[in-house]
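> First the structure, then my questions, so here it is.
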Amino acid sequence: MNTRSNPLSSKTISQGMAFWLIVFCLVLSCVFTESVRGEEPFRPEVGKFPPLEKAYKYRGELVFVDHPNRRGSIRVQASGMFFRNDPHPVAMLPYAEIRYHNAPADLRDIPLGTVLHVYAFLPPDPKTSAVPVLPVNNKAIDGNHNRGAGIAPAENHVLLLEDEVSHCLREGKIWKLKEIDMQNHEGMIVATCEPKSSQEAAQNSGTQIPEEKLTFDGATRIWRGKERLEVADLIAAGVWPASGKKSLAGMAVQLGITWKPTPDGIFTRFHISDIWLDEASIQHAARHQAEVHKAFIRTRWMPAFVDAVEYGKFGRATVTATLFGRMDPALYADFQKGASAMMNAAENTLKHAGGSYGPAHMASRGTILEVNTSPHPPVGSSGIQIRFETDLIIEGIRPGRVVRVRPGNWPLVDIPREEYLGDGSLNHEDRFPTPAIFPKY
């Protein structure tokens, strides 16, 4: 009887099977993670505009806003119970573009509950992040067994934030209303979001566009030209039924979308806040929002990146800076060669960083020497570069840093205390108020 050990013993086979099982699991795990994650996460460089196409995109409800610090929380839409998803903190990059009603906006302009489209990145500098820094693969981690993956992506620094109508107009899409079910001036609309152009629609003719059920009620605003209508007006005109179902035959509109609690145990169902019936009504809404934003920027100053600083003698310097993007053209028109201007250092939340009683206290004063424009700027940039000369440069105006610039014809006003840092301390935690700001009673 041969007593030599068998090289193919059961022990050896078991070890080999265990090895290959581990390899298989690792490969499967990588494939699964990659399918959830998509492309590798992108971290922008400090002081540079990142490409929009590398952003991670998600959608959700605005549930909290800290407007002085340009941050808030989004309840991210995922495959689980929407109402149980924890609010996900996000921060605006200093050059972030915020769009509401197809016009520039500040976070303070957007009502809570609005459903937004988010394009975001990993924090450029985790040490100074205004919101929690999460593991890079956090969007592949299920927050709870009944929620679904993707409710807390590590990409929480936003480049582009836009409401539904802004998103659809930028991407050339339109909502088509298929059917309405009405009871007591409220009910449900079945609709699809489709390409607006006939060429793109033809290219996607073989693709099944999913229908979405959206609620509406008596508070839903309906816009036609410069008129604001109510549900009762469309019923009186015979456009919508007083009760029951009616086909709407693909009526083309733009929608404002929010979220509100829904009966019947529905996990995710959104609500129509606004319906724009025609192009004139959309333009009217955009003009109003643009005026709100213009007034805001003129009192807070135009944000910009410092590209270069040429130092002279006795505090003189020439600063080259790129203005941030997609604001009203009337704001950029005020930056003229030979015009007087003021430039102040700012923090990444765009808070003014110097001065004991406001931005003008320590700002550098001078003249705009040149205004140059480059075509096709990236998202976040206006493509407008100014050269500004001052006889007293301040410490915070450095290459790669954020500044705010005020042309001489803009109003010089005092801004609220929570919107500037005070003495310009380099401690980034000074961005945020502590309980010490409250009086002792």
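The values are calculated or read from the model by the stated rules, or taken from the named source; none is laboratory data. What you see is a predicted model, and the numbers here were worked out from it, not measured in a lab. So basically every Cβ, Gly included, is an ideal-geometry build from the backbone, and we count neighbours across all protein chains shown. Calculation scope for accessible area: heavy atoms of the full protein, side chains included, ligands and nucleic acids excluded. Shrake-Rupley method; radii C 1.70, N 1.55, O 1.52, S 1.80 Å.
> Being at pLDDT below 95 and β-branched (Val, Ile, Thr) is the filter here; which residues of segment 134-168 pass it?
Of everything in segment 134-168, those that are at pLDDT below 95 and β-branched (Val, Ile, Thr) turn out to be Val136, Ile141, Ile151.
> Checking the condition at pLDDT 90 or above, surrounded by 16 or more Cβ atoms within 10 Å (Cβ to Cβ), of a type in the set (Val, Ile, Thr) and over 28 Å from Pro104 (Cα atoms), which residue from Ile397, Ile393 passes? Steps first, answer last, please.
Numbers: Ile397 fails: over 28 Å from Pro104 (Cα atoms).
Step by step, each of Ile397, Ile393 is checked, and only Ile393 is at pLDDT 90 or above, surrounded by 16 or more Cβ atoms within 10 Å (Cβ to Cβ), of a type in the set (Val, Ile, Thr) and over 28 Å from Pro104 (Cα atoms).
> Only one of Ala290, Ala321 is aliphatic (A, V, I, L, M) and farther than 23 Å from Gly366 by Cα. Can you tell me which?
Details: Ala321 fails: farther than 23 Å from Gly366 by Cα.
So the residue among Ala290, Ala321 that is aliphatic (A, V, I, L, M) and farther than 23 Å from Gly366 by Cα is Ala290.
> Search segment 334-376 for residues being open to solvent by 50 Å² or more (accessible area, probe 1.4 Å) and under 22 Å from the mean Cα position of the chain (by Cα), and hand back the single one that is nearest to Met92 (Cα to Cα).
Going through the qualifying residues, I end up with Asn348.
> Consider only pairs whose beta carbons are under 9 Å apart and that are at least six residues apart or on different chains; among these, list those whose first residue lies in segment 330-350 and is over 14 Å from Val371 (Cα atoms) and whose second residue is at pLDDT below 95 and acidic (Asp, Glu).
Partner pairs satisfying both residue conditions: Ala345/Glu395; Glu347/Asp430; Asn348/Asp125; Leu350/Glu419.
> For segment 334-416, please list each of the strands (runs of 3 or more DSSP E) lying entirely inside it that holds at least 2 residues being over 24 Å from Glu45 (Cβ atoms) and out of contact with any helix residue (DSSP H, G or I) (no Cβ under 9 Å at 6 or more places or on another chain). Quick ask: steps written out before the conclusion?
Numbers: elements: 340-346, 364-373, 381-390, 402-407.
It comes to 340-346, 364-373, 381-390.
> In addition: Out of the residues in segment 228-245 meeting the condition of being open to solvent by 70 Å² or more (accessible area, probe 1.4 Å) and assigned to a strand (DSSP E or B), tell me which one is farthest from Glu164 (Cα to Cα).
Among those that are open to solvent by 70 Å² or more (accessible area, probe 1.4 Å) and assigned to a strand (DSSP E or B), it is Lys245.
> Search segment 293-311 for residues being surrounded by fewer than 14 Cβ atoms within 10 Å (Cβ to Cβ) and touching a residue at least 24 places away in the same chain (Cβ under 8 Å), and hand back the single one that is farthest from Ser364 (Cα to Cα). If you could, list the steps in order and put the result at the bottom.
First pass over segment 293-311, keeping only residues surrounded by fewer than 14 Cβ atoms within 10 Å (Cβ to Cβ): 295, 308, 310-311.
From what is left, the residues that are touching a residue at least 24 places away in the same chain (Cβ under 8 Å) are 308, 311.
Working: Ala308: 16, Tyr311: 14 Å.
So the residue we want is Ala308.
> Name every residue in segment 209-227 that is open to solvent by 40 Å² or more (accessible area, probe 1.4 Å) and among the hydrophobic types (A, V, I, L, M, F, W, C), in order of residue number.
Within segment 209-227, Ile209, Ala219, Trp223 meet the criteria.
> Surrounded by fewer than 20 Cβ atoms within 10 Å (Cβ to Cβ) and in a strand (DSSP E or B): is that true of Leu323 in this structure? Don't jump to the end; show me each part of the working.
Working: surrounded by fewer than 20 Cβ atoms within 10 Å (Cβ to Cβ): no; in a strand (DSSP E or B): yes.
No.
> Which condition breaks for Tyr441 when tested against (1) open to solvent by 20 Å² or more (accessible area, probe 1.4 Å); (2) at pLDDT 90 or above; (3) over 17 Å from Ser356 (Cβ atoms); (4) in a loop (DSSP other than H, G, I, E, B)?
Status for Tyr441: all satisfied but (2).
> Within the set of pairs 6+ apart or on separate chains, which have a first residue in segment 161-177 that is closer than 15 Å to Asp278 by Cα and free of Cβ contacts under 8 Å to residues at least 40 places away in the same chain, a second that is in a strand (DSSP E or B) and hydrophobic (A, V, I, L, M, F, W, C), and C-beta atoms under 8 Å apart?
Sorted first by the residue in segment 161-177, then by its partner, the pairs are Lys173/Cys193.
> I'd like the residue in segment 247-287 that is of a type in the set (Val, Ile, Thr) and modelled with pLDDT of 95 or more and, out of all such residues, is surrounded by the fewest Cβ atoms within 10 Å (Cβ to Cβ). So that I can check it myself, show each step before the final result.
Applying the first criterion (of a type in the set (Val, Ile, Thr)) to segment 247-287 yields 253, 257-258, 262, 266, 268, 272, 275, 282.
With the extra rule that they be modelled with pLDDT of 95 or more, the set shrinks to 253, 257-258, 272, 275, 282.
Details: Val253: 22, Ile257: 24, Thr258: 21, Ile272: 24, Ile275: 23, Ile282: 19.
Going through the qualifying residues, I end up with Ile282.
> Limited to segment 157-187, what total is found for residues that are open to solvent by less than 60 Å² (accessible area, probe 1.4 Å) and not in a strand (DSSP E or B)? Outline the logic, then answer.
Of all residues in segment 157-187, those open to solvent by less than 60 Å² (accessible area, probe 1.4 Å) come to 157-169, 172, 174-175, 177, 180-182, 187.
Checking which are not in a strand (DSSP E or B) leaves us with 164-169, 172.
The number of residues fulfilling the criteria is 7.
> From the list Phe388, Phe335, Phe324, Phe314, pick out the single residue that is farther than 27 Å from Pro124 by Cβ and of a type in the set (Phe, Trp, Tyr). Lay out the reasoning, then the answer.
Working: Phe388 fails: farther than 27 Å from Pro124 by Cβ; Phe335 fails: farther than 27 Å from Pro124 by Cβ; Phe324 fails: farther than 27 Å from Pro124 by Cβ.
Of the residues listed, the single one that is farther than 27 Å from Pro124 by Cβ and of a type in the set (Phe, Trp, Tyr) is Phe314.
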